[in-house]
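Reviewing the structure listed below.
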Amino acid sequence: MKDQRLDHLFREYHEACESPDPSATFMPGLWQKIEKAQSISLAFRRWARSFVAAAAAVSLIGVLAIRLHHDPSGPSSISYLEALVASNSPDTVELLDASHTESWDDVELL
Amino acid sequence: MLVEFELIARAQKGDSAAFNQIVQAYRKRILGTIARLIARPDDVEDVGQEVFLRLYFSLDQLRTPEVFEPWLYRLTVNAAYDYLRKQRRRQESRMADLSDQQVMMADAVAGSKLDQEERRRKQVREMVDSLLGAVSEEDRILLTMKEVEGLSLKELEKIYGVNENALKVRLFRARQRVLKALESQSTGKTGGGE
């Protein structure tokens, strides 16, 4: 019973809220909104492009600055083993000597 | 479909004349749906323009012209939902702006101008609006689309992207809440009359 009443009310509601006729300003108003949204989007795109360009330029300058101050005879131009041999460090000799020890009994405590 | 698929395809490619034709074909239907969804005649055109604005910027996301109508209804539902949410936030302050006397005077002026039929329509609108106030904005829209707009479950399934059973459950619950509101309204009236 209540279900039927509700259905009837919904039908009446559909009739009571007629589809309004669009006013004469509907289409011009819509295009105005579209153009406004487009101009905002365009301004944002321009800003984003300039930001990306500026960031790229800063990165390029940074890379160039690093290259210019880079010393080609620096430690990074030779391998680790080459550097080890060249340095002829006393630690290396001690390690080599220790490896020649025959047993741990030979090692004298100081 | 009120327009040819070819017209939609042209609008998708950025043809403004084609887009204009689509708006002109659908605007009355969409404005009618919005009028029943939001129940505020003064704002119907604004929400309608919002729907077509969203359509303009999302047309390129439409995969096939065949799903154009559910897509347009989905945009309508979303715009109406956004409007109702904003409206709920504004409602309290707007009511506070008007004094009781102003409200009564406005009603009296409006009432004197309305004829019998219009009064009856106004009464129905107010009654259903207050009944639909018993459910959330989402359920109000869903219920209106089904019961007032007469959309089928299949159509709603396409619009909401939710399966039919989930929609049935949600509709049943929303309807039960509205029925309960109707019952308490009737009881209140009967109680008040005695």
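Every number in this text was worked out from the coordinates using simple rules, so none of it is lab data. Remember, it's a predicted structure, so these values are computed and weren't measured experimentally. Don't worry about glycine lacking a Cβ; one is built from the backbone with ideal geometry, like all the others, and counts go over all protein chains shown.
Here are a few things to note about the model shown:
- For region B:1-44, the equivalent ellipsoid derived from the alpha-carbon gyration tensor has semi-axes of 26, 10, 7 Å in decreasing order.
- Filtered GluC sites (Glu not before Pro), region A:1-80: DSSP coil and at most 15 other beta carbons within 10 Å: A:GLU18
- On full extension, the segment bounded by A:ALA43 and A:ALA55 gains 2.5 nm, given 0.36 nm per residue less the C-alpha separation.
- Distance (nanometres) between label positions extended 7 Å along Cα→Cβ at B:GLN176 and B:ASN163: 2.1 nm
- Alpha-carbon radius of gyration plus Dmax, which is the widest Cα pair, for region A:7-86 in Å: 33.3, 99
- Listed values for region B:36-45 are Karplus-derived 3J(HN,Hα) couplings in whole Hz (6.51 cos²θ - 1.76 cosθ + 1.60, θ = phi - 60°), namely 7, 7, 9, 6, 9, x, 5, 9, 4, 5, and x replaces Gly and Pro.
- For region A:14-59, the Kirkwood hydrodynamic radius comes to 14.1 Å, computed from all pairs of different C-alpha atoms.
- Spacing of the two label points (7 Å from each Cα toward its C-beta) at B:THR187 and B:ASP82, in nm: 4.0 nm
- Taking every Cα-Cα distance in region B:1-83 and sorting them into 10 Å bins starting at zero, the pair-distance distribution P(r) comes out as 19, 54, 24, 3 percent.
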